[in-house]
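Below: the structure, in structure tokens.
The values are calculated or read from the model by the stated rules, or taken from the named source; none is laboratory data. A quick note: this is a predicted structure, and the numbers were derived from the prediction, not measured. As a convention, Cβ positions derive from the backbone with ideal geometry for all residues, glycine included, and neighbour counts pool all protein chains shown. These area figures cover heavy atoms from the full protein model, side chains too; ligands, DNA and RNA do not enter into them. Shrake-Rupley method; radii C 1.70, N 1.55, O 1.52, S 1.80 Å.
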Amino acid sequence: MEQICKLYSDLQNRLSEKTGFTPVVDILKSEKLLLGISENRTPMFLIDCKFENAVADLKLECISVLFNKTCKVIDDDKQEYSRICTVIVLNSENYDFQNYFLEVIYLLLQNLPTNPSSEQIKKEIDKIVTLFSYASKAAMKTVQGLWAELLVISQSQNPEYLIKAWHSTPKSKFDFNDGTDKIEVKSSSAMERIHAFALEQLIPNENSKLIVVSVFAVQTGVGKNIADLRTIIFSRIHDLQIQSLLDSIVFQTLGSDLESSFDYCFDYQLAVDEIRFFDSNSIPKIKKENIPVEISNVKFSCNLSSLPYMTKDELNLSQSNLFRSL
């Protein structure tokens, strides 16, 4: 992944000597896929492709997608030529977000064959548009919660399994669910393990077990952000489909907060050192039989500080595939 960011860094030092020409470099060893720099000095991908039927340009908050655009380019051998391309341009000057954009698009373009058809290109562009359509100032609680979940994945024994079991939508009842057992991740921005629960979050179905993971997510001026955790996770997994799945969930969770989420850093070492795993059966809760049928949506806070917690060794001895992956 670092290679695409390095290519773009090198491109930034190659200003075109001719007005109207875009400096580009081939990527993925394909003359059909180019990386360039826009007039606003932001990254752009050019895909050599002409759509026979008219396709309307798309302008989202973060990116623009331009179809059948005549592009005058100059390559690293100073060769000049024109092509009709589909152009994907980032509309952000945020350095971290530019690197994130480069890596996400590069990952998706790897799904294309050496000589892709217009239909195959359109399919991957639709994926890109879908992701970035999810993507204002970030809601701090949303960023904190996602950061805690990514931290759990980054520290896990089997990150691939956890990502496959990760919630399909941000509103899922449990953060991780493999169809048998469940994991719920709770984060605290203070040095207290006081977490808010919906009663149903502590009551899985009869034949399932539930682990609650408690994470300290303390914001710092210098620390690790969501992009940093993504890098750590990707260094441990190499399946492109699982990498794309992780990106998709991140986009869906943050929505329009994606870009500004990179401004939030958290104390990584504190979170790693103080992560705790609790069997849901050990957490005090209100019994369902004590709740009148007319009352629903019961929520409460519980301090887990003095409760017994499970070690990684104990989780490894579990019969649960999900818990052993932690």
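Treating cross-link reach as a plain straight distance, find the aspartates and glutamates whose alpha-carbon is under 12 Å from the alpha-carbon of Lys299, omitting any fewer than eight places away in the same chain.
List returned: Glu200.
Share of the chain's accessible area from carbon and sulfur, percent, 1.4 Å?
With neighbouring chains kept in place, the figure for the chain is 46 percent.
For a 22 Å ceiling on Cα separation, which of these pairs sit above it: Lys141/Lys285; Lys209/Lys285; Lys182/Lys287; Lys6/Lys127; Lys164/Lys287?
Checking Cα-Cα distances, Lys141/Lys285; Lys6/Lys127; Lys164/Lys287 exceed 22 Å.
With a cut-off of at most 16 other beta carbons within 10 Å, and DSSP calling the residue loop, which GluC sites (Glu not before Pro) in region 97-131 qualify? Please list them.
none
Taking K and R as +1 and D and E as -1, what net charge do the other residues with C-beta under 13 Å from the C-beta of Pro308 add up to?
0
Residues with beta-carbon under 14 Å from that of Gln241, excluding Gln241: net charge, scoring Lys, Arg +1 and Asp, Glu -1?
-2
What are the lysines whose alpha-carbon lies under 24 Å from the alpha-carbon of Lys122, with same-chain residues fewer than 8 places away excluded?
Partners within reach: Lys29, Lys32, Lys50, Lys59, Lys69, Lys72.
Once you list every other residue whose beta carbon is under 9 Å from the beta carbon of Leu34, what net charge do they have if Lys and Arg are +1 and Asp and Glu are -1?
Surrounding charge for Leu34 is -2.
Given that just one value was derived from the coordinates, which of (1) 22.5; (2) 19.7; (3) 20.7 is mean projected area of the Cα convex hull in nm²?
(2)
With a 10 Å radius around each residue's Cβ, average the other Cβ atoms per peptide and rank 264-270, 305-311, 225-231, highest first.
Per-residue Cβ counts within 10 Å, averaged per peptide and sorted highest first, yield 225-231, 264-270, 305-311.
Given only helices, namely DSSP H runs of n ≥ 4 each adding -39500 (n - 2.57), what is the per-residue ellipticity at 222 nm of the chain, to the nearest 500 deg cm²/dmol?
-9500 deg cm²/dmol
Along the charge dipole of region 269-320, Cβ charges K/R +1 and D/E -1, which of Ser306, Ile275, Pro292 sits furthest on the positive end?
Going by the Cα projections, it comes out as Pro292.
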